[in-house]
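> I have a structure here, written as structure tokens, and I will follow up with some questions on it.
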Amino acid sequence: MGEELKSKAVVERKKRRRPLAARDVSVFEKHEQVGEGTYGQVWKAKDTETNKIVALKKVRMDNEREGFPLTAIREIKLLKMLNHENIVKLKEIVTDAEDSKNGKVNIYMVFEYLDHDLTGLMDTREVNFSVEQVKCCMLQLLTGLEYCHKRDILHRDIKGSNLLLSSDGYLKIADFGLARTCGENGRQYTNKVITRWYRPPELLLGANEYGPAVDMWSVGCLLAELLLRTPLFPGSSETDQLDRILKLLGSPSGDIWPAYERLPNAYLIGHTNYPPRLRQSLAHLGADVLDLIEKLLALDSTKRMSATEALQHRWFRAEPLPCDRSQLPSPSSSTHEFEAKRKKQQEAANAKMQSRPKQGQHGHGHGPRAQGPTFNDPFGYRGGGR
């Protein structure tokens, strides 16, 4: 009798462990496209069974013969390991039965939906981040990154468009398509990661052994961008990116960064002899935040501040104090980088139409031009790609 009860209990446990069949994507009603992730498109959608709004990410199947993309498998695996209020939540995986009938394979990742991302907000004219709001955002970002780094996970693409903000003020790190675990010493990775404007100098110089410090460089770039309302290093190429970094932070020396000469692309630095001018250029931001930016943007990654150290920095305890989450910007309509770009393109197209001479009009009349957001640009440059 005891053995029979034991075997029944084993069967019940197995039943509970058995995964539920994936739902079909047809249960979701797609709305507008809100993003283009590392490896797929993202839509705002409604779950017709629960009436909840979600983000639906279609996994890009570039080569269906090779099966499910390894990058997507890695992202799903990592997201299942993470459970934190500052990291976007993966709710489920769904498939497309209609495509399956035609021999195609389409997989969708279903995430919680958040109304905004930081780049979309920065590109919105009516949004101006106060110092209090920047502090609140940075505390949440650093808390989420600290959680990842303590679990040996590198994000490898920290930037404004990958930082989502909910209508109730929760900042969440998204798009783990480039993320990797980093527990093994001496493990090598590609250096072709992190969007160029936020890529640290060691990767630009060809380093393939690195750790959490690569994410912290991106944090430093983003902090400066939020305060300045313009990217700190908007390089148009990898060499231009490195040049902009050195012109602001100064050329490295054996004292400042002893290991740089051993990196594969150290020759790119050549005989440059730029003096550091970060303190001079950003002096108007204040001594405390300048100290934090300087420590996040240390050329030598071994001297770069960690997420845990940054959370303890005096800037967060100085006046004005970080605002409450409920006081973060939340425009009535959603603002994502993808939507902001589309809106700008539409405005430019409308302006072009208005500038054309009307039928029967003499001469070459020019209509008004679309006005973009005004940025504080202390370094006298704009441009490049993200």
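The values are calculated or read from the model by the stated rules, or taken from the named source; none is laboratory data. Only a predicted model underlies this, so the values are computations on that prediction, with no experimental measurement involved. Note that we place each Cβ from the backbone using ideal geometry, even for glycine, and neighbour counts take in every protein chain shown.
> Which strands (runs of 3 or more DSSP E) sit wholly inside region 38-138 and have at least 1 residues that are modelled with pLDDT of 90 or more and aromatic (Phe, Trp, Tyr)? Talk me through it step by step, then tell me what you get.
Numbers: elements: 40-47, 52-59, 90-95, 107-112.
Fully inside region 38-138 and qualifying: 40-47, 107-112.
> Quickly run through region 150-185 and pick out the residues that are part of a helix (DSSP H, G or I) and in contact with a His (Cβ under 9 Å, 6 or more places away or on another chain).
Start the filter on region 150-185 by keeping residues that are part of a helix (DSSP H, G or I), which leaves 150, 160-162.
Listed by number, the residues that qualify are Ser161, Asn162.
Here is a yes/no grid of residues against (1) in a loop (DSSP other than H, G, I, E, B); (2) at pLDDT 95 or above; (3) over 23 Å from the mean Cα position of the chain (by Cα); (4) outside the structural domain of Thr124 (by TED's automatic domain parsing):
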| residue | (1), (2), (3), (4) |
| --- | --- |
| Val214 | no, yes, no, no |
| Val219 | no, yes, no, no |
| Thr230 | yes, yes, no, no |
| Ser236 | yes, yes, no, no |
| Lys247 | no, yes, yes, no |
| Ile256 | yes, no, yes, no |
| Thr272 | yes, no, yes, no |
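> Looking only at region 175-187, decide whether some residue is crowded, with 21+ Cβ neighbours inside 10 Å, on the phi > 0 side of the Ramachandran plot and charged (D, E, K, R).
Among the residues of region 175-187, at least one is crowded, with 21+ Cβ neighbours inside 10 Å, on the phi > 0 side of the Ramachandran plot and charged (D, E, K, R), which makes the answer yes.
> Which one of the conditions (1) without any contact (Cβ under 8 Å) to a residue 40 or more places away in the chain; (2) in a loop (DSSP other than H, G, I, E, B) does Tyr267 fail to meet, given that it meets all the rest?
Among (1) without any contact (Cβ under 8 Å) to a residue 40 or more places away in the chain; (2) in a loop (DSSP other than H, G, I, E, B), Tyr267 violates only (2).
> Can I ask one more? Could you check, for region 246-266, whether at least one of its residues is among the aliphatic types (A, V, I, L, M) and farther than 30 Å from Glu146 by Cβ? Break it down stepwise before answering.
So in region 246-266, the residues among the aliphatic types (A, V, I, L, M) come out as 246, 248-249, 256, 259, 263, 266.
Narrowing further to those that are farther than 30 Å from Glu146 by Cβ: 266.
Checked region 246-266: at least one residue is among the aliphatic types (A, V, I, L, M) and farther than 30 Å from Glu146 by Cβ.
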